[in-house]
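Single-structure report; data block below.
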Amino acid sequence: MAGSPRSPPPPPPPEFEISRQSRIFAALSKKVIDLDELRMLAAQGVPDAAGVRSTVWKLLLGYLPDDRSLWEQELAKKRSQYAAFKDEFLSNPVETARQVEKEGNNNDNAEHVENGLLHRSEVTQEEHPLSLGKTSVWNNFFEYTEIMEQIDRDVKRTHPDMHFFCGDSSFAKSNQESLKNVLLIFAKLNAGIRYVQGMNEILAPLFFVFRSDPDDKNAVWSKRSFYQIFSALCCTAYS
């Protein structure tokens, strides 16, 4: 005869929860944080107050150094790096062509432009939409079209029960766009892995925690700060 179902363990007493939170706050307040101690405390659960969870995750996932005095410098470096990735890997060929045209105008080549369009003789092989050159922005764009479409489908299916990710609000659409950007940049930087279905589910909780930081400055910068964590996780998981 099967035994009776086991009842769930009772919740910890309030004083235990207060003690655990105070120990995590104390660990985070040190000038040089003991990551082993923090890892042990986090294994019991991380409180969701005052952005503690996002800070703990960033530390334990290697995004922030254990020395608090280096945080601002490290954050600035990583945000600058991601901005450079966006400029390099998310460029729109149409916008690139327009920029080339603008630069041509600034270089006194206006006589070669009619009605805002370059003469055929002025279009280089790299700028031609049918170019197969490795440096062609159009060739690079079309090479990843299928991956971009797969990413778009998966991101739209990410946590459909959460308004944070789904819906017609500008907030949800902005979050979806951030997810797509990170996934596409990762695919382009890691040609041996590219995009694998399900990566959106790894990325979503990271972005949710960082974007929900009650510190408005951290929340806004989260769009530029969580790529490196996601990249490190996926390279480990898929290597």
The set of residues whose placed amide H lies less than 5 Å from the amide H of Ser212, leaving out same-chain residues fewer than 5 positions away, is none
Violations at 18 Å Cα threshold for listed pairs Lys58/Lys156; Lys156/Lys180; Lys86/Lys156; Lys30/Lys77; Lys86/Lys188; Lys30/Lys58 -> Lys58/Lys156; Lys86/Lys156; Lys30/Lys77
Ranked output for segments 34-46, 201-213 by mean other Cβ atoms within 10 Å, highest leading, reads 201-213, 34-46
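Just so you know, all these numbers are worked out from the coordinates, no wet-lab data involved. On a predicted model such as this, the values are computed, not experimentally measured, just so you know. Methodologically, a virtual Cβ is constructed for each residue, glycine included, from the backbone with ideal geometry; neighbour enumeration extends over all protein chains shown.
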